[in-house]
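The values are calculated or read from the model by the stated rules, or taken from the named source; none is laboratory data. Bear in mind that the values here come from a model prediction, so they are computed numbers and not experimental data. Here Cβ is always computed from backbone atoms with ideal geometry, including for glycine, and neighbour counts include all displayed protein chains. To get the accessible areas, we keep the full protein, side chains included, count just its heavy atoms, and leave off ligands, DNA and RNA. Shrake-Rupley method; radii C 1.70, N 1.55, O 1.52, S 1.80 Å.
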Amino acid sequence: SSFSSSLSRWITPSGGGFDATDQITSPVFSPDGTLAVFQDGSSGDLWIANADGTGARLLDKATGPVVDSVDPADLYPQWMDDSTIVFERNNNGGAFQVNADGTGLKAYQAPGGLQGRLVLGPNGLVAGISSNAYTFNISIYDPATAKVSTIANADSIGFSPDGTKIAYSVYGGGAGTAQIVVANIDGTSPTPITHLAGSGFQPVWSPDGAEIAFHAEPDGYTLLC
């Protein structure tokens, strides 16, 4: 399988014994654009390669128990910086961090006691998306103030490149009607930017912070200014 680079080229990782016929999921480029970390969808293992696909090597072999017939897998790889990757092990395996060269694997403790799926932002910002039986909530740790802000009834968050804004999905009209909202880092001054008949999820900021891409259901991907 292949992943797409920022130059809109399809790249097939090679080297290190990687099976190019395996499915690739969750490819993420390093902030400096020189490396890409991705999951081997067949094994659940994490791999890393140069941005052009060369030099592929195993970064972390998925380990842990099989739960309800679900095999272990390394999920949601993210770059803390140009040389450190944070990921989660499924089946309640916890969060870990590892150096890009494969050394230094250790448990990752989210700041501010954040729980749930973690999303890393610039300047040390971290969000945790947690849920109960009824709804999702987003908690955001700001290292500048050492405070945690919580946004209720919200899911899927993206940080602006300069670390001053967040975009997230909020459920304001019941199931199937999530809209994208932009707010300050602490959740103040929320401004809805979509009015969809369906739902908007997974907002991602453009590198210059001028646009937000998101997944719209049932219409596919949309781009907003």
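Quick one: in region 59-75, which of the residues that are acidic (Asp, Glu) and in contact with a strand residue (DSSP E or B) (Cβ under 6 Å, 6 or more places away or on another chain) is farthest from residue 98 (Cα to Cα)? Please lay out each step first, then the result.
Filtering region 59-75 for residues acidic (Asp, Glu) gives 60, 68, 71, 74.
This time we only want the ones that are in contact with a strand residue (DSSP E or B) (Cβ under 6 Å, 6 or more places away or on another chain), so: 60, 74.
Numbers: 60: 8, 74: 12 Å.
Only one residue fits best here, namely 74.
If I filter region 184-199 down to residues being assigned to a strand (DSSP E or B) and at pLDDT 90 or above, which single residue comes out as surrounded by the fewest Cβ atoms within 10 Å (Cβ to Cβ)? Quick ask: steps written out before the conclusion?
Narrowing region 184-199 to residues assigned to a strand (DSSP E or B): 184, 191-192, 199.
After this cut, where a residue has to be at pLDDT 90 or above as well, the list is 184, 191-192.
Numbers: 184: 13, 191: 11, 192: 13.
It comes out as 191.
Filtering region 65-82 down to residues that are of a type outside the set (Asp, Glu) and without any contact (Cβ under 8 Å) to a residue 24 or more places away in the chain, which residue is nearest to residue 49 (Cα to Cα)? So that I can check it myself, show each step before the final result.
So the first thing to find is which residues in region 65-82 are of a type outside the set (Asp, Glu), and the list is 65-67, 69-70, 72-73, 75-80.
Remaining after also requiring without any contact (Cβ under 8 Å) to a residue 24 or more places away in the chain: 69-70.
Working: 69: 30, 70: 27 Å.
The qualifying residue nearest to residue 49 (Cα to Cα) is 70.
Here is a list of conditions, (1) modelled with pLDDT under 95; (2) closer than 27 Å to residue 139 by Cβ, and residue 33 meets all of them except one; can you say which number that is?
The one condition residue 33 does not meet is (2).
Every residue in region 44-58 that is of a type in the set (A, V, I, L, M) and either in contact with a helix residue (DSSP H, G or I) (Cβ under 6 Å, 6 or more places away or on another chain) or over 16 Å from residue 22 (Cα atoms) (or both), please. Reasoning before the result, please.
Step one: filter region 44-58 for residues of a type in the set (A, V, I, L, M), giving 46, 48-49, 51, 56, 58.
Of everything in region 44-58, just one residue is of a type in the set (A, V, I, L, M) and either in contact with a helix residue (DSSP H, G or I) (Cβ under 6 Å, 6 or more places away or on another chain) or over 16 Å from residue 22 (Cα atoms) (or both), namely 51.
Check whether at least one residue in region 161-176 is crowded, with 20+ Cβ neighbours inside 10 Å, in contact with an Asp or Glu (Cβ under 9 Å, 6 or more places away or on another chain) and either polar (S, T, N, Q) or free of Cβ contacts under 8 Å to residues at least 12 places away in the same chain (or both), and report yes or no.
Scanning region 161-176, I find at least one residue that is crowded, with 20+ Cβ neighbours inside 10 Å, in contact with an Asp or Glu (Cβ under 9 Å, 6 or more places away or on another chain) and either polar (S, T, N, Q) or free of Cβ contacts under 8 Å to residues at least 12 places away in the same chain (or both), so the answer is yes.
Restricting the search to region 124-149, which residues are closer than 17 Å to residue 97 by Cα and either among the β-branched types (Val, Ile, Thr) or open to solvent by 40 Å² or more (accessible area, probe 1.4 Å) (or both)? So that I can check it myself, show each step before the final result.
Of region 124-149, the ones closer than 17 Å to residue 97 by Cα are 124-128.
If the condition is that a residue be closer than 17 Å to residue 97 by Cα and either among the β-branched types (Val, Ile, Thr) or open to solvent by 40 Å² or more (accessible area, probe 1.4 Å) (or both), then 124, 126 are the ones that fit.
Taking strands (runs of 3 or more DSSP E) that fall entirely within region 108-183, which contain at least 2 residues that are farther than 15 Å from residue 86 by Cβ? Lay out the reasoning, then the answer.
Values: elements: 117-120, 126-131, 136-142, 147-152, 154-159, 165-171.
Once the strands (runs of 3 or more DSSP E) in region 108-183 are filtered for at least 2 residues that are farther than 15 Å from residue 86 by Cβ, what remains is 126-131, 136-142, 147-152, 154-159, 165-171.
Of all residues in region 37-91, how many are assigned to a loop (DSSP other than H, G, I, E, B), open to solvent by less than 50 Å² (accessible area, probe 1.4 Å) and among the charged types (D, E, K, R)?
1
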